Amino acid sequence: MFEYICGKLSVKKIDYVALDINGLAYKIYISLKTFEKMSNIESTEKLYIHTNVKEDNISLYGFKTQNERELFKALISVNGVGPKLAIAILSTFNTKEIVDIILENEPKIFIKVPGLGIKKAQKIILDLKDKVKKLEFSEIINENSNTLNGNNISSSEILLMKEDLKLALESLGYADTDVSKWIKNDELIKIKNISEAIKIILKRIQK
């Protein structure tokens with residue numbers, strides 16, 4: 001239906017954004033990787049769109065790169081993988097990492113994603129190995145975007161960061177996670193971005 005949508009960023013959440021075009025706001029679900037690459041509220045943003053149509057619902061999924069969108073479409077083509085799980089996979093790994101996992105046949109790495117068991121991970125690899133070979137995944141998503149203000153971060157910024165971390169973890173399947181239990185304020189001051197903090201927390205939870 002849509003190739004892309006370009007508009008003013010009026011809402012920015014961990015799992016979705018709204019792009020305003022002449023007073024009409026489109027709610028678009030996103031991955032954590034896309035969230036990290038987006039600018040601040042009121043900026044102009046462009047997202048490549050996949051329209052997911054069900055009998056009772058039409059949902060828009062947006063991606064900063066065409067590569068991420070193509071990988072999303074490949075993932076949901078696998079039986080048993082819906083948009084929510086595909087977004088969780090794309091939030092846990094960047095496009096190059098996912099392609100490498102598939103081509104190197106590493107299902108045990110895939111099951112770090114909440115809700116993704118070993119059998120489904122094996123099926124994703126089996127079904128997509130030939131498909132990803134035909135796709136051009138040229139860019140590596142910048143893991144150091146959205147840099148914070150180093151040691152100048154305020155207590156209010158730390159609270160906001162913790163709230164973002166909680167929402168991000170919930171979107172990955174970790175409900176009611178106590179962020180303070182897994183990462184301390186003095187660590188957050190030194191951490192460059194949300195993605196880095198999530199990786200640290202996930203490693204600690206999985207141990």
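Could you check the simple spin-label distance between SER10 and LYS73, using points 7 Å along Cα→Cβ, in nm with one decimal?
2.8 nm
For the chain, what is the calculated [θ] at 222 nm in deg cm²/dmol (nearest 500), taking -39500 (n - 2.57) for each run of four or more DSSP H residues and dividing by its residue count?
-13500 deg cm²/dmol
For region 62-105, list residues with backbone N below 19 Å from a point placed 7 Å from the Cα of GLU3 toward its Cβ?
Zone members listed by number: 62-71, 73.
One quarter of the convex hull surface, Cα atoms only: what value does that give for region 1-100 in nm²?
6.5 nm²
Expressed as cubic angstrom per residue, what is the convex hull volume of the alpha carbon set of region 155-206?
So the per-residue Cα hull volume is 69 Å³.
Given springs between every Cα pair under 10 Å in a Gaussian network model of the chain, which of ASN22, ASN94, ASN105 has the largest fluctuation?
Result for the chain, Cα springs under 10 Å: ASN22 fluctuates most.
Treat region 66-140 as a sphere of radius equal to its Kirkwood radius over Cα pairs and apply Stokes-Einstein at 4 °C in a medium of 1.567 mPa s; give the translational diffusion coefficient in µm²/s, rounded to a whole number.
Translational D for this selection: 108 µm²/s.
I'd like to know how region 4-63 sits against the 2.2 N^0.38 Å rule of thumb: what's its Cα Rg over that expected value?
1.05
Modelling each spin label as a point 7 Å along the Cα-to-Cβ direction, I'd like the LYS108/LEU24 distance in nm, to one decimal.
5.2 nm
About the Cα centre, and with charges only on the beta carbon of Lys, Arg (+1) and Asp, Glu (-1), how big is the dipole of the chain? Nearest 20 debye, please.
Around 520 debye, computed over the chain.
Got a sec? Charge dipole of the chain, +1 on Cβ for Lys and Arg, -1 for Asp and Glu; which of TYR174, ILE5, ILE49 is way out at the positive end?
TYR174
Write down, largest first, the equivalent ellipsoid semi-axes of the chain in whole Å, where each equals the square root of 5 times an eigenvalue of the alpha-carbon gyration tensor.
That gives 27, 23, 15 Å for the three semi-axes.
Among DSSP bridges having both ends in region 4-63, what percentage is antiparallel? Round to the nearest 5.
Restricted to region 4-63, the bridges split so that about 90 percent are antiparallel.
Where the only charges are on Cβ atoms (+1 Lys, Arg; -1 Asp, Glu), what is the dipole of region 66-140 about its Cα centre, to the nearest 20 debye?
Result for region 66-140 is approximately 340 debye, rounded to the nearest 20.
Bear in mind these aren't lab numbers, they're just calculated from the coordinates by the rules spelled out. Please read these numbers as outputs of a predicted model, since none were measured by experiment. Cβ coordinates were reconstructed from backbone atoms using ideal geometry, including for glycine residues, and neighbour counts include every protein chain displayed.
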